[in-house]
Amino acid sequence: MKQNYKKIAVIGGGIMGTVLVRALIKTNSSEQILVCEKNKSHHKKLSKINSRVKVTDNSVDCANADVIFLAVKPQDFNNVEFKINKGTLVCSIMAGVSISKIQKKLKTNKVIRMMPNIAARVGEGFTIWTATARVNNLEKKWVKNFLTKMGDQLYVQTDQKIDKATAITGSGPAYI
């Protein structure tokens, strides 16, 4: 069974946010992809990716998406202010920001934490990921399919294993 979402939001339209957008287009699983990017100089480039991509500088516009990807720098997470809808799936690629911190700030239990590396830009990356108990099997299957658009993926049981794997897979050094 194919999972389809009406609206997917990516908060942060930098290098990795753009990688996420391109992978989302390949999955063909949403009517609209909304990118929330505060740097207006990125808006035109992001808008040209695909006709389904819409760009805004207000993260509140992203709050009613079915899936929200957090692709901001970890230090900018504290500045992300909006209330999400119950049932929204939140996916984070922020290095060093735990699932529990995301759950507490956004008041949600449906969180996936993933750590792709920079090779995802060319579809040759490696992403390690995990999910909270509230993420159902259909959602996990959708995320797994999405991640394969960026390269290989590995699901792990705990958030702590992502932190350990980050240095090995290359996403930590790329972030620094």
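The values are calculated or read from the model by the stated rules, or taken from the named source; none is laboratory data. Every value quoted in this text rests on a predicted model; they were computed, and no experiment measured them. As a convention, Cβ positions derive from the backbone with ideal geometry for all residues, glycine included, and neighbour counts pool all protein chains shown. Accessible surface is based on the protein model in full, side chains and every heavy atom, while ligands, DNA and RNA are left aside. Shrake-Rupley method; radii C 1.70, N 1.55, O 1.52, S 1.80 Å.
Of note:
- Dipole check for segment 51-176: with +1 at the C-beta of Lys and Arg, -1 at the C-beta of Asp and Glu, and the Cα centre as origin, the magnitude is about 380 Debye.
- Positive-end ranking of Thr108, Ile162, Thr56 along the dipole of segment 31-176, with charges on Cβ about the Cα centre, is headed by Thr108.
- Simple spin-label estimate for Ile15 and Asp152 in nanometres, 7 Å along Cα-Cβ: 2.2
- In this structure, the pairs whose alpha-carbon distance is over 31 Å, taken from Lys45/Lys164; Lys45/Lys149; Lys45/Lys161; Lys48/Lys161, are Lys45/Lys164; Lys45/Lys161; Lys48/Lys161.
- Averaged per residue, segment 40-124 has 51 square angstrom of accessible surface, using a 1.4 angstrom probe with ligands and nucleic acids left out.
- Segment Asp76-Lys38, extension gain: residue separation times 0.36 nm, minus the distance between their alpha carbons: 12.6 nm
- Taking Cα extents along the principal axes in Å as calculated from this structure, the corresponding entry among (i) 37, 36, 33; (ii) 51, 37, 24; (iii) 66, 45, 42 is (i).
- Label-to-label distance, Lys54 versus Arg134, with points set 7 angstrom from Cα along the beta-carbon direction: 2.6 nm.
- Couplings for segment 49-65, taken from phi via the Karplus curve 6.51 cos²θ - 1.76 cosθ + 1.60 with θ = phi - 60°, read 4, 6, 5, 7, 8, 10, 10, 9, 9, 10, 5, 4, 4, 8, 4, 9, 6 Hz in order; Gly and Pro are left as x.
- Rolled with a 1.4 Å probe across the full set of protein chains, the surface gives Tyr155 an accessible area near 70 Å².
- GNM top mover of Lys164, Lys110, Lys140 - the chain, alpha-carbon springs below 10 Å: Lys164
- Percent RCO, i.e. relative contact order, over the chain, from Cα pairs under 8 Å lying at least 6 residues apart: 19
- Ser41 - accessible surface, heavy atoms, 1.4 Å probe, Å² rounded to 10: 90
- With every protein chain in place, segment 48-99: carbon and sulfur % of accessible area (1.4 Å): 43
- GNM remark for the chain: springs join alpha carbons under 10 Å apart, and the peak mean-square fluctuation among Arg134, Arg121, Arg113 falls on Arg134.
- Springs join every pair of Cα atoms under 10 Å in this Gaussian network model of the chain, and among Phe126, Phe82, Phe69 the largest mean-square fluctuation is at Phe82.
- Separation between Cα centres of segment 78-118 and segment 1-70, rounded to whole Å: 16
- Interchain or long-range residues, amide H under 5 Å from Ser30's placed H: Tyr5
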